[in-house]
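Read the structure below first, then the notes.
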Amino acid sequence: MRLDRLLCQHPQWSRRHVLTLLVQGRVRVNGAVTPDPTAEVRPFDAVTVDDQVIQAATPAHYLMLHKPVGVLSATADPVHPTVMGLLPPDLAEQLHIGGRLDRASSGLMLLTNDGQWSRRATAPERRSPKTYLVTLAHPIHPDTERVFAEGIHFPFEDVTTSPAQLERLDERHCRLTIYEGRYHQIKRMFGRFRNPVLALHREAMGTIRLDSALAPGQYRPLTPEEVASV
Ligand code: URA
């Protein structure tokens, strides 16, 4: 919300009064004098006028979680356990998921209460890489690298996937980097070769890598560098 609009919500001040407070340098955002009425203020910012707290900062949370196989990327489900069930309830109720994984997939999930941040982390136009370890039912077809690098057309959405990179690890295992997160994307990509995906594990999103110290089901806060990388 704009700073002037936030201040105008205060019953004590008219718009003219608010502009005067700003010009007089009496308004601080996170401790810094902010005279710009159009400055964007987020729930994570503290706003004061002189010593009066107008808005206390809501703590921002950024977590990485090692999603186990069999757990749903959802807030609540009548049948299956959910990733939110792995967190303390008072924390879980504040958070949302940045980038889902299928129930049968495992690996890195990002959770936050910062909607702008999670939108940046997952926006397809940012072409942020996501890296997966893939286990396949059959040997990887020799044309796979070429076809994935050219992009695969999904008729249902009428989109072509961004060029993806495949690194062969052995006959049935590879590391695959994709740049968007469409529904069942990797399963559908290998579906072109009639090669079922037996296991899928997300290792990284952008430059954030799943911490090898986290066992399935465990989580930790992101470091300031990891948060800033998005
Ligand atoms: N692609 C899939 O098919 N499933 C996932 O969970 C992630 C990417």
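Roughly speaking, what is the centre-to-centre gap between segment 1-46 and segment 164-203 when only Cα atoms are used, to the nearest Å?
If we compute the Cα centre of each part, the gap is 49 Å.
Debye sum, Cα scatterers, segment 3-55, no solvent: what log₁₀ I/I(0) at q = 0.19, 0.21, 0.29, 0.30 1/Å?
The calculated log intensity ratios at q = 0.19, 0.21, 0.29, 0.30 Å⁻¹ are -0.52, -0.65, -1.34, -1.44.
What are the semi-axes of the equivalent ellipsoid for the chain, taken as the square roots of 5 times the Cα gyration tensor eigenvalues, largest first, in whole Å? List each step's numbers first, then the result.
Values: eigenvalues 391, 77, 42 Å².
For the chain, the semi-axes come out at 44, 20, 14 Å.
In debye to the nearest 20, how big a dipole does the chain give about its Cα centre with +1 on each Lys and Arg Cβ and -1 on each Asp and Glu Cβ?
Numbers: 27 positive and 25 negative charges, 63 e Å.
The calculation lands at about 300 debye.
Any idea what the alpha-carbon Rg over 2.2 N^0.38 Å comes to for segment 147-221?
Ratio of Cα Rg to 2.2 N^0.38 Å: 1.24.
Report the GluC sites (Glu not before Pro) located in segment 163-230 that are in a DSSP loop and have at most 15 other Cβ atoms inside 10 Å of their Cβ, or state none.
Values: sites: GLU167, GLU171, GLU180, GLU203, GLU225, GLU226; in loops: GLU171, GLU180.
The qualifying sites are GLU171.
Keeping the other protein chains in place, figure out the carbon and sulfur percent of the accessible area of the chain, with a 1.4 Å probe.
Whole-percent figure for carbon plus sulfur exposure: 54.
Where does the longest stretch of the chain lie that holds no chymotrypsin sites (Phe, Trp or Tyr not before Pro) found in a DSSP loop with 12 or fewer other Cβ atoms within 10 Å?
Numbers: sites that count: PHE156, TYR183.
Answer from the scan: 1-155.
Restricting to DSSP H runs of at least four residues, report the calculated mean residue ellipticity at 222 nm for the chain, -39500 (n - 2.57) per run over all residues, nearest 500 deg cm²/dmol. Please list the in-between numbers first.
On the way: 7 runs with 46 residues, N = 230.
Counting only the DSSP helices, I get -5000 deg cm²/dmol.
Given DSSP loops and a limit of at most 12 other Cβ atoms within 10 Å, what is the longest stretch of the chain that contains no such trypsin sites (Lys or Arg not before Pro)? Present the calculation step by step, with values, prior to reporting the outcome.
Details: sites that count: ARG127, ARG194.
Here the longest run is 1-126.
Please find the FRET efficiency linking ASP51 to ALA215, where r is the Cβ-Cβ separation and R0 is fixed at 45 Å, and quote it to the nearest 0.05.
Details: r = 47 Å, r/R0 = 1.04.
After rounding, the FRET efficiency stands at 0.45.
Under a 1.4 Å probe, what is the accessible area of segment 1-129 per residue, stated in Å²? All intermediate terms of the calculation are to be shown ahead of the outcome.
Details: 6840 Å² over 129 residues.
I get 53 Å² per residue for segment 1-129.
Using a Förster distance of 25 Å, how high is the FRET efficiency between ALA39 and ARG16, based on the Cβ-Cβ distance and rounded to 0.05? Write down the numbers at each step before the final one.
Values: r = 18 Å, r/R0 = 0.73.
According to the calculation, E is roughly 0.85.
If you take the beta carbon distance between ALA149 and THR58 as r and set R0 to 35 Å, what does 1/(1 + (r/R0)^6) give as a FRET efficiency, to the nearest 0.05? The partial results should precede the final answer.
Working: r = 44 Å, r/R0 = 1.24.
Efficiency computed from Cβ-Cβ geometry: 0.20.
How much length is gained if the chain between GLU171 and ALA228 is pulled fully straight, taking 0.36 nm per residue apart and subtracting their Cα-Cα distance, in nm to one decimal? Intermediate values should be presented prior to the final figure.
Numbers: separation 57, 0.36 × 57 = 20.52 nm, distance 3.74 nm.
Computed gain between GLU171 and ALA228 is 16.8 nm.
The values are calculated or read from the model by the stated rules, or taken from the named source; none is laboratory data. As the structure is a prediction and not an experimental result, all values here were calculated from the model. Cβ atoms come from the backbone with ideal geometry, glycine included; neighbour counts cover every protein chain shown. The accessibility values were calculated without ligands, DNA or RNA, using every heavy atom of the protein model including side chains. Shrake-Rupley method; radii C 1.70, N 1.55, O 1.52, S 1.80 Å.
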